[in-house]
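Asks: A single structure is presented below for examination.
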Amino acid sequence: MTDTPIERIRNFSIIAHIDHGKSTLADRLIQATGALTSREMTEQVLDNMDLEKERGITIKAQTVRLAYKAHDGLVYTLNLMDTPGHVDFAYEVSRSLAACEGSLLVVDASQGVEAQTLANVYQAIEAGHEIVPILNKIDLPAAEPERVKQQIEDVIGLDASDAVMISAKTGINIEGVLEALVTRLPPPKGDPDAPLKALVVDSWYDQYLGVIILIRVKDGRIRRGQKVRMMAQGSTHLVDQVGVFSPRMVAVDDLGPGEMGYINAAIKTVADVAVGDTITDDRHPAAEPLPGFKPSIPVVWCGLFPVDADDFEKLRDSLAKLRLNDASFHYEAESSAALGFGYRCGFLGLLHLEIIQERLSREFDLDLIATAPSVVYKIHRTSGVLEELHNPADMPDPSLIDHIEEPWIKATIMVPDEYLGSILTLCSERRGVQIDLTYVGNRAMAVYRLPLNEVVFDFYDRLKSVSRGYASFDYAIDGYEEGDLVRISILVNQDPVDALSFIAHRSQADRRGRAICEKLKDLIPRQLFKIAIQAAIGGRVIARETIGALSKDVTAKCYGGDISRKRKLLDKQKEGKKRMRQFGKVEIPQSAFLAALKMDA
Amino acid sequence: MAYRTPMEPLALYIHWPFCLAKCPYCDFNSHVRERIDQSRFAAALRAELAWEAARLGRRPLASIFFGGGTPSLMAPETVAALIADARALFDAAEDIEITLEANPTSVEAARLAEFRAAGVNRASLGVQSLRDDQLRLLGRQHSAAQAMAALETARRIFPRLSFDLIYARPGQTLADWRAELAEALALAADHLSLYQLTIEAGTGFEALHRSGALVLPDDDSAAALYDATAEEAARAGLLAYEVSNYAAPGAESRHNLAYWRYGDYAGIGPGAHGRVSLGGRLLATRRHRAPEPWAERVERQGHGSTAEEAVAPAERAREMLLMGLRLAEGIDPARFAARAGIALADALDPDTLARAIEAGYLTRPDGRLAATAEGRKRLDALLGQLVL
């Protein structure tokens, strides 16, 4: 099984924008090499979570081993590494790329290069990849292969003259792709006799086998029964099984240099296996681990609270189960005066946050209230102490703060030029600093530095709406900078609602304070007494709305025969109130609370 | 605190469950039958009255109310027999109020004199509207002309007279209603019940409302209609003494006041409810709803009671608040403590009380607790927060 000589192994990943055809191409490659019969093929074999299939995104890295008899008459082993395509998983992407020697850059021949593609292709170039441009959907009437080739050369700086022209959907020229892999990508390098060095690319939890670790062997061999050590974590494990994905899991005796596959070693949670770690032999360890290991650090935090307080235990158990399979997300207990008991959860980014929330509601059937996402601030206290703040409710009194730093990002936005004006306005509204602005044909590429804080607050939705969905956006974290940041409290009848407080730049405070007050005014139904809604910085009110009292609510007829019924109604009303979110005698309906926290309208 | 109260004068309610047709807004216990066995139901009502009187013992009787259904469909001799029984079983007050609800169809109007002869001294006519198209919408069996004729007749026959109107109907403007109400006030004697149309579960209107075919005025319009109603009525000398009831001073319905003041009342007939002091407890009584099974039970066991239970102090407090705050006069704290078994102050959320007084929804005239007109208009929301 592992007797392919190293020079006939090709490890590659596929880089593409959503909908440009990555998964379809992967399916065609699997089919063309006979790894699965057409009867076994289900659409998009590699994305096996429902959520991945629905959204066309890949969350977990996966690999499939293909055997291809090339035109030179030799059989090659082609290892396709399917990587997460989203910036939230940038580190995971970098590890996947580090496991390969080359990439296929798939570009829709009618759409051209998008922002997300750019970031990933630069990462691949950085990883030293040989890159083969592939123009997909060339059979579409709108295809403009020559223009898109020119764009690839202009924007990315890659020679696109040898781009492979295909249609993954109809199967045109799939063989051209396979031949390009064999002839244009370099084989891996590695020393079979050196001490074992294998890169942990990803891991996931299988309820029967425990944790499955996806690896790429760089040097040495990994065998069943071998005692291995995780070099960063320091833990040791006995390898139960070694195998490859064909794409089904097939056990093999061992894996040597250049090969990709999996091991399992009776590990109970993925938190024990860090992506990017190096596996070595316990008794003959490598002197140095592979470069580039980074522990995962959450970038965005939000509070998750069960709608029904009785679901708290269920939430706790569900988070623990999710964490079994996703070590990059963090959680810690939190309690809120407004929302009761819940968890403060940390995510790699906004998509990651959305995915976890959706999985909690979908797989664990939980109704949740999520507070507004917050980034991690660095608070420098006057005492000289530095602390990280990821919950606005924990912000110390301003008199104790010397200064605050906030995270910035470098964002790349690609947009048809007719929408450029509104995009630039949006970026400057959000305190953006322009780094670069270039045109390719009628598409503009704007590079901005932006505070992450401004991006987690409905930036993406605004971007989509001002560009009618044509703008594509990508970002990378770009360090911390001091900012004039304030906490804005929301008060309902003078009582602060902790779960609605947020941190913003002073220049944005009025606008955002007004926006949330206006929104709450629309969302909270009129009640017995008039309700004052205020946004305040410390003791200073920056925005105010009043909800008038309801005008009429009384039963017209109530006589002797109605008393029992009316009283029972009142009893029930009292009972129901206990479960309502009350703020200074104001009932805020669940739906209003959720919508106020969303703030994306 | 044990339940102790001086012997309350009794209010007696007698239910006649049959109607000629079911109105689409009505969720009362009313039934339509092709033939009604008058003598059977007369006998059953008399039997149940005798049974109830036997356990209550002789006590003062302040009022009798024949409600329904349509009690004007009863044989006048049945009404006479029940009044005579009640007078024999209890100590009827000299000025006892005996009300009968009647519909203004020509058939029923023709019998008003017979009801008067039977002892009824107050009539309450279900006029509902003085507009023919609106009467059709409301599913009524009479015309506006018939209603006016019936009112004319009733005024001559009965010492006291009230009638009902339903307003805040679909599409009704403030001007329409003021005009119709002014006509009604010109016809009125000393009492009117003016109800805003509400959609009740299980009625014909509910289905229409749900489908969007029937649209009620929004809360602001309903509030404006309500304010205009009180204004017009007051101009004619009828004061809002309860949420939907207007009377010249002294002409209030004594029977209904017993409900709102949370006095003792006995309920006879299918589906009738009662609150009676008995053996040191306040008993909530209820009769079987369906007419024929009710009659069978009475014939078999002397009464048609279903569940009966003592009302606990906290429940009495809530009931007394939800009824008493409907009245402009409000609640007397001493009477509250005696009837409910807990102090008024202990039954109220102090914070809401303070805010409601500040907002002008509640007042404390002479130590009483009363809802203002503004408070009565929002009473359901107010009660939801005020009662503990």
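Asks: Pull out all pairs, ordered by first then second residue, where Cβ-Cβ is under 6 Å, the residues are six or more apart or on different chains, the first lies in region B:254-281 and is at the interface with another protein chain (Cβ under 8 Å from one of its Cβ atoms) and crowded, with 24+ Cβ neighbours inside 10 Å, and the second is among the β-branched types (Val, Ile, Thr) and assigned to a strand (DSSP E or B).
Replies: Pairs found: B:Gly274/B:Thr285.
Asks: Next up: List the number of the failed condition for B:Glu329; all other conditions in (1) under 19 Å from A:Tyr559 (Cβ atoms); (2) within 12 Å of chain A (Cβ to nearest Cβ) hold.
Replies: (2)
Asks: Is it the case that region B:151-169 has a residue that's within 14 Å of chain A (Cβ to nearest Cβ), crowded, with 21+ Cβ neighbours inside 10 Å and over 30 Å from B:Ser211 (Cα atoms)?
Replies: Within region B:151-169, one or more residues are within 14 Å of chain A (Cβ to nearest Cβ), crowded, with 21+ Cβ neighbours inside 10 Å and over 30 Å from B:Ser211 (Cα atoms).
Asks: Of A:Lys566, A:Lys574, which residue is at pLDDT below 90 and assigned to a helix (DSSP H, G or I)?
Replies: Answer to the check: A:Lys574.
Asks: Another one. Have a look at A:Val93, A:Val132 and point out the one that is at pLDDT 90 or above and surrounded by 21 or more Cβ atoms within 10 Å (Cβ to Cβ).
Replies: A:Val132
Asks: Restricting attention to region B:334-388, and to residues there that are surrounded by 23 or more Cβ atoms within 10 Å (Cβ to Cβ) and more than 14 Å from chain A (Cβ to nearest Cβ), which single residue is farthest from B:Glu315 (Cα to Cα)?
Replies: B:Leu369
Asks: Within region A:100-111, count every residue that is surrounded by fewer than 24 Cβ atoms within 10 Å (Cβ to Cβ) and either basic (Lys, Arg) or in a loop (DSSP other than H, G, I, E, B) (or both).
Replies: 3
Asks: Does at least one position in region B:43-58 carry a residue that is within 23 Å of B:Ala123 (Cβ to Cβ), surrounded by fewer than 22 Cβ atoms within 10 Å (Cβ to Cβ) and not charged (D, E, K, R)?
Replies: No, there is no match, as no residue in region B:43-58 is within 23 Å of B:Ala123 (Cβ to Cβ), surrounded by fewer than 22 Cβ atoms within 10 Å (Cβ to Cβ) and not charged (D, E, K, R).
Asks: Let me ask something additional. Test B:Ala307 against the criterion of being away from every other protein chain (no Cβ under 11 Å) and hydrophobic (A, V, I, L, M, F, W, C), and give yes or no.
Replies: Answer is no for this residue.
Asks: Which of the residues that make up region B:172-190 are under 22 Å from B:Lys377 (Cα atoms), touching a residue at least 24 places away in the same chain (Cβ under 8 Å) and not in a helix (DSSP H, G or I)?
Replies: B:Gln172
Asks: Okay, next question. Just for region B:82-106: of the residues that are without any contact (Cβ under 8 Å) to a residue 60 or more places away in the chain and small (Gly, Ala, Ser), which one is surrounded by the most Cβ atoms within 10 Å (Cβ to Cβ)?
Replies: Among those that are without any contact (Cβ under 8 Å) to a residue 60 or more places away in the chain and small (Gly, Ala, Ser), it is B:Ala102.
Asks: Test B:Ala188 against the criterion of being surrounded by fewer than 19 Cβ atoms within 10 Å (Cβ to Cβ) and under 20 Å from B:Tyr241 (Cα atoms), and give yes or no.
Replies: Against the criterion (surrounded by fewer than 19 Cβ atoms within 10 Å (Cβ to Cβ) and under 20 Å from B:Tyr241 (Cα atoms)), B:Ala188 does not qualify.
Asks: Restricting the search to region B:170-196, which residues are within 14 Å of another protein chain (Cβ to nearest Cβ) and out of contact with any helix residue (DSSP H, G or I) (no Cβ under 8 Å at 6 or more places or on another chain)?
Replies: Passing the criteria: B:Ser193, B:Tyr195.
Asks: Quickly run through region A:118-171 and pick out the residues that are touching a Pro at 6+ places or on another chain (Cβ under 8 Å) and within 25 Å of A:Gln31 (Cβ to Cβ).
Replies: Those that are touching a Pro at 6+ places or on another chain (Cβ under 8 Å) and within 25 Å of A:Gln31 (Cβ to Cβ): A:Glu130, A:Leu135, A:Ile138, A:Asp162, A:Ala163, A:Val164, A:Met165.
Asks: Right, here's the next one. Restricting attention to region B:110-125, and to residues there that are within 23 Å of B:Ala247 (Cα to Cα), among the small types (Gly, Ala, Ser) and in contact (Cβ under 8 Å) with a residue 40 or more places away in the chain, which single residue is surrounded by the fewest Cβ atoms within 10 Å (Cβ to Cβ)?
Replies: Residue satisfying both the conditions and the ranking: B:Gly119.
Asks: What is the one condition in (1) outside any helix (DSSP H, G or I); (2) surrounded by fewer than 19 Cβ atoms within 10 Å (Cβ to Cβ); (3) modelled with pLDDT of 85 or more that A:Gly303 does not satisfy?
Replies: (2)
Asks: OK, next. Would you call B:Gly69 surrounded by 21 or more Cβ atoms within 10 Å (Cβ to Cβ), in contact with a Cys (Cβ under 7 Å, 6 or more places away or on another chain) and not aromatic (Phe, Trp, Tyr)?
Replies: Taking the combined requirement at face value, the residue satisfies it.
Asks: Considering only region A:418-427, how many residues are out of contact with any Phe, Trp or Tyr (no Cβ under 7 Å at 6 or more places or on another chain) and surrounded by 13 or more Cβ atoms within 10 Å (Cβ to Cβ)?
Replies: 5
Asks: Still on this model: Can you give me the ranges of the helices (runs of 4 or more DSSP H) entirely in region B:333-388 with at least 2 residues that are out of contact with any strand residue (DSSP E or B) (no Cβ under 9 Å at 6 or more places or on another chain), at pLDDT 95 or above and within 26 Å of B:Leu278 (Cα to Cα)?
Replies: B:333-340
The values are calculated or read from the model by the stated rules, or taken from the named source; none is laboratory data. This structure is a prediction, so every number in the text was calculated from the model and none was measured. Neighbour counts run over all protein chains shown; Cβ positions are idealised from the backbone, glycine included.
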